[in-house]
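Scroll down for the structure; my scribbles are underneath it.
Values in this text are rule-based calculations from the coordinates and carry no lab data. Owing to the predicted nature of the structure, the values given are computational and were not obtained by experimental measurement. Cβ coordinates were reconstructed from backbone atoms using ideal geometry, including for glycine residues, and neighbour counts include every protein chain displayed.
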Amino acid sequence: MEEGLKCEIKKFTLIFAIAAAIIYTAFALTPVPSEVGSLYYKYAGYMLDFQMPYSDFAAEYPPLAMLWILIPGLFSFSELTYQIAFGVEVYLFLLAGLVCVYRIAGTYIEEPKRLCDLYIVLCIVMFDFIIDRYDIFPMVMCLVALYFVRTERLSLAWVMIALGTMTKLYPALMAPVLIIYLCMNGRKMEALKGVGICVLIGCITMLPFLIADPGTMLMFLTYHMDRGMQIESVASSVLMLLGYFDIIDIGYIFNYGSDNIYGAVPDAVAGCMLYLMAASIAATYVAYGSKVRNSDKDMFPRFNAACLAVIMLFMLVNKVLSPQYIIWMIPFVTVMVLHLESEWKMRSVIVMGVMIGLTQLNMIFNYVIVGLGEPLTLPGILILIVRNGILVFILVKVIQMILKPGDLVAEHEV
């Protein structure tokens, strides 16, 4: 192992341990709620009692998510010990991600440590969500998939995409990007093989639940169908502003584990979001395909940008945008910074930092101060509008990177 990587691992381990100690102390000594300590611990208990997710108890998470939730339960005997065991699992995943960042950067530059530092910073500033949500697992799977794509180990990349999909669904959006890249460059059999790998892993994963009860096996999908407009979504932030000035009628309610809005207009908009999302993602795939046909350039930067674009569209053109979804961007943003022109490197880090800061401010102001299910005040609405505006700005720049090759340079310093 390279000395530089050893140093990064030591640095990350120390920072993680300090941050985890602070978080666990807060959980133990204050009323700060923990999703891991309450919901995940409960789910693990059910499964340790040999109850099957979906058929024996209701669960909103995909099958492999339930596996990652179960594993810490095998090594715990209380809520706190479960949280600590879950934290160890998170640490191991993040460590794998750190190694992948170092390896990816090492294929372009001689000193990958600065890119690793960016990865560490992005993880730490979102640490409350990383340590207390399972979104970190599919995030790292996406990062590992990027590493395997970069090193042309495509079968392993397909495996990671499939495992990520069965953990959180959204990694499936990477699959068409990889299919398009392969097909447009005369590698159709590799694309077909990848689809076969994904189908096989999906079938194997779902088989136990199909046997247990076919009627409930898709509960993790149907659970979300009736969800309303979450307050943090892009569309909701605009609708809430209109509602604040009595231009439209909206109401606030806490259900499905989030604050949502309802009313004639929000409900109508919610009904359109799936179609708008599908259309925008499809258009991005088409745009990407038009740029990679028979290209002799290094297409990994554009591949990464296309993956980030479709995942951000899934986040933003959606009726649900939970704070932890920001974690999904970390692998792709980290790699993207590697390829940005010099003048945009620091700008992108600053923009990302401001966006994350506003996400954390939203949690403090709109959830802790205002309270769950309560109407948002004007400052709270403006926090979300500015945060979402920054997210849209990032998305626009990423799409520009797909369409304009000059905005991506594969060989320059971080």
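The figures follow:
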read-out: Where only alpha carbons of region 224-414 are counted, the Rg and the Dmax (Å); value: 18.0, 56
read-out: Residues Met346, Met174, Met126, sorted so that the one with the fewest Cβ neighbours within 10 Å comes first; value: Met346, Met126, Met174
read-out: The chain - mean residue ellipticity at 222 nm from DSSP helices (-39,500 (n - 2.57) per run, n ≥ 4, rounded to 500); value: -22000 deg cm²/dmol
read-out: Order of Arg302, Arg133 under a 10 Å beta carbon neighbour criterion, fewest first; value: Arg133, Arg302
read-out: Within-15-Å neighbourhood charge of Lys10 [Cβ basis; K, R +1; D, E -1]; value: -1
read-out: Total formal charge among the other residues, if their Cβ is under 13 angstrom from that of Arg150, Lys/Arg +1 and Asp/Glu -1; value: +1
read-out: Over 28 Å between alpha carbons, listed pairs Lys11/Lys319; Lys168/Lys397; Lys193/Lys345; Lys10/Lys397; Lys188/Lys291; value: Lys11/Lys319; Lys193/Lys345; Lys10/Lys397
read-out: Dipole of region 224-414, positive direction: furthest Cα of Gly271, Gly353, Thr334, with charges on the beta-carbon; value: Thr334
read-out: Surface/4 of the Cα convex hull for region 31-97, nm²; value: 5.0 nm²
read-out: Estimated distance in nm for a label pair at Leu92 and Ile369, the labels positioned 7 Å out from Cα along Cα-to-Cβ; value: 4.1 nm
read-out: Interchain or long-range residues, amide H under 5 Å from Met229's placed H; value: Ile261
read-out: Low-density loop cleavage sites - chymotrypsin sites (Phe, Trp or Tyr not before Pro) in region 206-291, where at most 10 other Cβ are within 10 Å (DSSP); value: Phe245
read-out: Three-way shape label, region 100-167, alpha-carbon gyration tensor, a/c 1.5; value: oblate
read-out: Amide H partners (placed H, <5 Å) of Leu372, local residues excluded; value: none
read-out: Of the DSSP H helices in the chain, those whose Cα atoms cover at least 27 Å axially and whose Kyte score averages 0.0 or more; value: 3-29, 79-106, 188-212, 264-292, 342-362, 378-403
read-out: For region 110-255, convex hull of alpha carbons as volume per residue, Å³; value: 195 Å³
read-out: Unit charges on C-beta of K, R, D, E only; dipole of the chain, Debye; value: 1040 debye
read-out: Cα-derived Rg over Rh, computed across the chain with Rh taken as Kirkwood radius; value: 0.95
read-out: Sites matching trypsin sites (Lys or Arg not before Pro) across region 242-297 that sit in DSSP coil, with at most 15 neighbouring C-beta atoms within 10 Å; value: Arg293, Lys297
read-out: Lys, Arg +1 and Asp, Glu -1 on Cβ, resulting dipole of region 134-262 about Cα centre, debye, nearest 20; value: 800 debye
read-out: GluC sites (Glu not before Pro) lying in DSSP loop within region 2-75, provided at most 13 other Cβ fall within 10 Å; value: Glu2
read-out: Amide H contacts of Phe57 (H built 1.01 Å from N, under 5 Å, at least 5 apart or other chain); value: Met52
read-out: Computed over the chain: relative contact order in percent, which uses C-alpha pairs under 8 Å that are six or more apart; value: 18 percent
read-out: Dimensionless Rg ratio for region 302-414, taking C-alpha atoms and the 2.2 N^0.38 Å reference; value: 1.16
read-out: Cα lying deepest toward the dipole's positive end in the chain, options Ile9, Tyr41, Gln51, charges on Cβ; value: Ile9
